[in-house]
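Novice: One structure follows; several queries about it will come next.
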Amino acid sequence: MLKLTLVTDAWEPQVNGVVRTLSTTIRLLAERGVRVQVISPDQYWSVPMPSYPEIRLAMTTQRRIGRQIRAFAPDALHIATEGPLGWHARGWAMKQGMAFTTSFHTRFPDYVSARIGINPERVWRVLRRFHGAASAVMVATPRLADELASHGISQTRLWSRGADVDQFRPDAPPHPVYAGLTRPVALHVGRVAVEKNIEAFLAAPWAGDKLVVGDGPALDALQRKYPAAHFLGALHGPALASAYAGADVLAFPSRTDTFGLVMIEALASGTPVAGYPVPGPLDVVGQGGFGPDGRAPGRIGAVAHDLGDAMRAALSARRADCVAHGRRYAWDGCVDQFLAALVTGDGQPVPWLPAPGLQLVA
C-alpha cells in the first residue's frame, strides 16, 4: 500500500479551486488504496492572513512537522503550497535528504502585485528557491509549464484538473433565483477578491442580469458599487450545480489564475465560458472558442480583449457541445498524472496503477 504525506496551507474550510483539487485528489487516492496523511492549518494554532482573514497561517515549527512526517513514514512527500507549512516541510525534507514534489497552484507574483504593488520578479525569486529543490513541480497546463520555465523552474510535470460530471450536469434543476432574473444571465463563480478581476465582469455592458456566486474580501464593496447585480455568496454541492446549470454564460474575468476549475465545471453543466485571451481561458476555451486543441464538437465559449464581446459571442454555443467537451476532463486521469509525478524519498518513481479506459484532455 502506497503511503503519501501531503502538506498544504490551503485547506477546508477555505473555499477555492486549490482546496477542491486537493480534497478531490485525496478522496480518489483513498479509493485506490493509497493512505494519505494530510498536514494542514486546521491542525495548529493559526492567525488570519492579512487582507485574507479566511486564510489561516499555521504557527508551528519545522521540528514538529518533521515528527509528523517521520511517524507516518510515507513512501512519498508532496508539498502543495508555498505557505508556512510548505516551507517547514521543504526545510525538513532537505535536511533529511528526502526527495519530494511540489505543485504550482497560484500566481503569487501577480496576486501580490495586484494587491500591494510589489515587483513580481521579487516574488519569482522566492518561488524559484522554494520549487528549485523539488524533484518535480506539478502544473495544470503545458502553457503554465512554459511560463515557469521562463522564470527558471523547469522540472515540471503535468497534473491537469477535472470536473465532477456526476454532480455538474446540464439537467440539474436551475437555482430558484433564476426565476426572477432577466435573460440572458451571466454568472461568475469564485472568490470575490481583487485579483479575480470581478469588477471587469460587473462593469461590462450586458442585456440581461448578472449573478455572482462566492465570498471574499471584496464582496461588500462590489455589492455597494453594483447594486443591480445579484450576489448569492458561496454555494456548494447541488446548490452550486444548480447555479451553473441555470446560467446562459459563465464569465471568467481573471487574468492571473493558473487554470480555473470553475470553467470546466460550467462546461460539464452545459454553460459556455467567456474570458480574456490569457492562460486559463486559452487552456480551456481556446483562442477560437472551440477548445484548446480546436477539436471541441462545436463552439464552447469565446475569448476576447473586451469581456463583454466574449460573453455575447459565447451565447452562440450549443449546450450539448459544452457538455461533451466538459466531460472529457476526467478526475481519474488527473489522479493518474499526480501519481506518475510522485517520487519516493530516494527520488525514484512511485509504483502505481492507472485507472483503466480513461483519456484526459491535456
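Novice: Could you give every pair whose Cβ atoms fall below 7 Å, whose first residue belongs to region 75-88 and is within 14 Å of Ala99 (Cα to Cα) and free of Cβ contacts under 8 Å to residues at least 24 places away in the same chain, and whose second residue is in a helix (DSSP H, G or I) and of a type outside the set (Val, Ile, Thr), counting only separations of at least 6 or pairs across chains?
Specialist: That search, which allows pairs on different chains as well, returns nothing.
Novice: Still on this structure: Output the residues belonging to region 64-106 that are surrounded by 19 or more Cβ atoms within 10 Å (Cβ to Cβ) and aromatic (Phe, Trp, Tyr).
Specialist: Across region 64-106, the qualifying residues are Trp87, Trp92, Phe100, Phe104.
Novice: Are there any helices (runs of 4 or more DSSP H) wholly within region 224-311 with 3 or more residues that are more than 15 Å from Ile198 (Cβ to Cβ) and free of Cβ contacts under 8 Å to residues at least 60 places away in the same chain, and if so which?
Specialist: Those helices (runs of 4 or more DSSP H) do not exist here; none qualify.
Novice: To continue, here is another question. Looking at region 6-21, I want the residues that are closer than 17 Å to Pro217 by Cβ and in contact (Cβ under 8 Å) with a residue 40 or more places away in the chain and have a partner that is hydrophobic (A, V, I, L, M, F, W, C) and part of a strand (DSSP E or B) with Cβ atoms under 8 Å, at least 6 apart or on another chain. Which pairs are those?
Specialist: So the pair list comes out as Ala10/Ile55; Gln14/Ile55.
Novice: Applying the selection to region 119-141, what residues are surrounded by fewer than 14 Cβ atoms within 10 Å (Cβ to Cβ) and more than 26 Å from Met94 (Cα to Cα)?
Specialist: Residue satisfying the conditions is Asn119 alone.
Novice: Identify the residue in region 331-349 that is under 30 Å from Gly289 (Cα atoms) and touching a helix residue (DSSP H, G or I) at 6+ places or on another chain (Cβ under 9 Å) and, among all such residues, is surrounded by the most Cβ atoms within 10 Å (Cβ to Cβ).
Specialist: Val335
Novice: Can you tell me which residue in region 190-201 is nearest to Pro272 (Cα to Cα), limited to those that are assigned to a loop (DSSP other than H, G, I, E, B) and among the small types (Gly, Ala, Ser)?
Specialist: Of everything passing the filter in region 190-201, Gly190 is nearest to Pro272 (Cα to Cα).
Novice: Does Arg56 satisfy the criteria of being more than 23 Å from Ala341 (Cα to Cα), of a type in the set (Lys, Arg) and not in a helix (DSSP H, G or I)?
Specialist: When the stated conditions are applied, Arg56 passes them.
Novice: Would you mind stating whether Leu267 is buried (at least 19 other Cβ atoms within 10 Å of the Cβ), within 24 Å of Ser23 (Cα to Cα) and modelled with pLDDT of 95 or more?
Specialist: Against the criterion (buried (at least 19 other Cβ atoms within 10 Å of the Cβ), within 24 Å of Ser23 (Cα to Cα) and modelled with pLDDT of 95 or more), Leu267 qualifies.
Novice: Those residues that are among the polar types (S, T, N, Q), at pLDDT 95 or above and either assigned to a loop (DSSP other than H, G, I, E, B) or within 30 Å of Gly270 (Cα to Cα) (or both), I need them from region 134-159; list them, please.
Specialist: Of everything in region 134-159, those that are among the polar types (S, T, N, Q), at pLDDT 95 or above and either assigned to a loop (DSSP other than H, G, I, E, B) or within 30 Å of Gly270 (Cα to Cα) (or both) turn out to be Ser135, Ser154, Gln155.
Novice: Can you name the residue in region 169-189 that is in a loop (DSSP other than H, G, I, E, B) and within 18 Å of Gly301 (Cα to Cα) and, of all such residues, is farthest from the chain's Cα centre (by Cα)?
Specialist: Arg183
Novice: Here's something else I'd like to know. Scan region 48-58 residue by residue and report those that are surrounded by 12 or more Cβ atoms within 10 Å (Cβ to Cβ) and either at pLDDT 95 or above or not small (Gly, Ala, Ser) (or both).
Specialist: Selection gives Met49, Tyr52, Glu54, Ile55, Arg56, Leu57.
Novice: Between residues in region 312-329 that are in contact (Cβ under 8 Å) with a residue 24 or more places away in the chain and under 13 Å from Met263 (Cβ atoms) and residues that are in a helix (DSSP H, G or I) and of a type in the set (Asp, Glu), which pairs lie under 9 Å by C-beta distance while being six or more apart or on different chains?
Specialist: These pairs meet every condition: Gly326/Glu265.
Novice: Show the residue pairs meeting these rules: Cβ distance below 6 Å; 6+ apart or different chains; first residue within region 194-221 and touching a residue at least 60 places away in the same chain (Cβ under 8 Å); second residue basic (Lys, Arg).
Specialist: Gly214/Arg191; Gly216/Arg191
Novice: Take region 152-203 and flag every residue that is of a type in the set (Asp, Glu) and surrounded by fewer than 19 Cβ atoms within 10 Å (Cβ to Cβ).
Specialist: Asp164, Asp166, Asp171, Glu199
Novice: Please count how many residues of region 1-14 are among the β-branched types (Val, Ile, Thr) and surrounded by fewer than 18 Cβ atoms within 10 Å (Cβ to Cβ).
Specialist: Adding up the residues that qualify gives 0.
The values are calculated or read from the model by the stated rules, or taken from the named source; none is laboratory data. Quick caveat, the model's predicted, so the values are computed rather than measured. Here the Cβ is made from the backbone with ideal geometry for all residues, glycine too, and neighbour counts use every protein chain on show.
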